[in-house]
Amino acid sequence: MSRKWFAKAAAVALCVGLLAGCGGAKQPSQDGGTGTKKFKVGMVTDLGGLHDQSFNQSAWAGLQKLQQDFGYEVKAVESKRQEDYDTNFQVLVDAGYDLIWAIGSLMTNAVVDKAKELPDQKFAIIDSDAHAPNLVGVTFREEEGSFLMGIIAAKATKTKKVGFIGGMDIEVIHRFEAGFKAGVKATDPSVEVVTVYSGTFTDSSKGKSDALAMYNQGVDVIFHASGNTGTGVIEAAKEVNKYAIGVDQDQNYLAPDHVISSMIKDVKGAVYDISKMTADGNFPGDQAIVLGLKEGRVGYAETTLWNKLPEGTKELVDKWAQAIAEGKVTVPKTREQLEEWEVPQI
């Protein structure tokens, strides 16, 4: 199969396919090179911070690429606690930023309130379907990419015991969990999945201790969806010579022989494309955009260690990915859906 199921740029598909309803006459990009006002786009991080090795960092990479490609002015404001969100939004508002991103579902209430308070200010949020005329919500079908990680884990395990470590016990992480478990079930229903929620996205030491406890129970592959907490999971895998599966961006560089794959969630691309559309006069306000395999926004990392997996694993992963992208398979995204889910024939 020639198609590669890792996240990649899909600006045309995003605008034409998902945002066909976005309106407004197209304007010249406000890139500072045409005599127009330089477009300013900023972001407020969630508690994981700018260098979380996860979706905050990926969003910032999207803004940096916009600056490099078009000369936009970009800025990130870090949050240390949830009470900082409103203040941090206001910092960007006061500085005249045209579009302000909220990175993470924990910021939903704060950004909705701010959007109501400032109807002329444009906002966008990652991992929330909240939307208003001046607010666009962007979510991902994380369950689809996580399903592929479940296949990889089930193929990689020697002990028939794999693990899932989530950050906070919230809806978005449930999608990772449900998809992963469905992928394991579809590949080898005899494989046991051990689940732990660390209760944090910011504590790598907690991630490491949770992972070591799992490995000591006989788990030999752990998929984490826990932000910076997951760097501890990867450290543990390296320490005990087991496997970890990264999340959001390619995390193989953290332990090249032990991160067997990563579930890519292309926050960078989504932030880039929607910001560019907004600069061009096509802000997709009042929409809840959902991105998955079909749109090329979730998938597996190019660094996946196929040579350490049984022959035919990549072909199997690609077969399931195509079936999901074509709508032939619907991956469960909640625990309740997972309980009722029957493995389809593809």
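The values are calculated or read from the model by the stated rules, or taken from the named source; none is laboratory data. Nothing here was measured: the structure is a model prediction, and the numbers come from that model. Don't worry about glycine lacking a Cβ; one is built from the backbone with ideal geometry, like all the others, and counts go over all protein chains shown. When the accessible area is computed, the model is the full protein with side chains, heavy atoms only, and any ligands, DNA or RNA have been set aside. Shrake-Rupley method; radii C 1.70, N 1.55, O 1.52, S 1.80 Å.
Here are the numbers for the structure shown:
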| quantity | calculated |
| --- | --- |
| Estimated FRET transfer efficiency when R0 is 25 angstrom, pair residue 93-residue 205 (beta carbons, to 0.05) | 0.10 |
| Cα gyration tensor shape of the stretch 140-182, rounded if a/c is under 1.5, else prolate or oblate by comparing a/b with b/c | oblate |
| Residue-span extension gain [residue 319 to residue 50] - 0.36 nm each, minus C-alpha spacing | 93.3 nm |
| Helical mean residue ellipticity (222 nm; -39500 (n - 2.57) per DSSP H run of 4+; nearest 500) of the chain | -11500 deg cm²/dmol |
| In order through the stretch 298-309: 3J(HN,Hα) via Karplus (6.51 cos²θ - 1.76 cosθ + 1.60), integer Hz, x for Gly, Pro | 9, x, 10, 6, 5, 8, 3, 7, 4, 5, 9, 10 |
| Acute angle (nearest 10 degrees) that the helix 267-279 long axis makes with the longest principal axis of the chain, alpha-carbon atoms | 20 |
| Cα centroid separation, the stretch 165-218 to the stretch 112-130 (Å) | 31 |
| Residues residue 109 and residue 67, FRET efficiency given R0 of 30 Å [Cβ-Cβ distance, rounded to 0.05] | 0.50 |
| Gain on full stretching of the segment that runs from residue 38 to residue 241 - 0.36 nm per residue minus C-alpha separation | 68.1 nm |
| Cross-link pairs 238/319; 38/265; 114/268 - those with Cα-Cα distance over 27 Å | 238/319; 38/265 |
| Extension gain, residue 330 back to residue 169 (0.36 nm per residue minus Cα-Cα distance, nm) | 55.7 nm |
| Degrees separating the helix 142-156 axis from the principal Cα axis of the chain, which is the longest one | 30 |
| Antiparallel bridges, percent of DSSP beta bridges restricted to the chain (to nearest 5) | 10 |
| Degrees separating the helix 85-94 axis from the principal Cα axis of the chain, which is the longest one | 40 |
| Among 53, 251, 322: highest mean-square fluctuation, GNM of the chain, C-alpha pairs under 10 Å | 322 |
| Solvent-accessible area per residue for the chain (1.4 angstrom probe, square angstrom) | 40 |
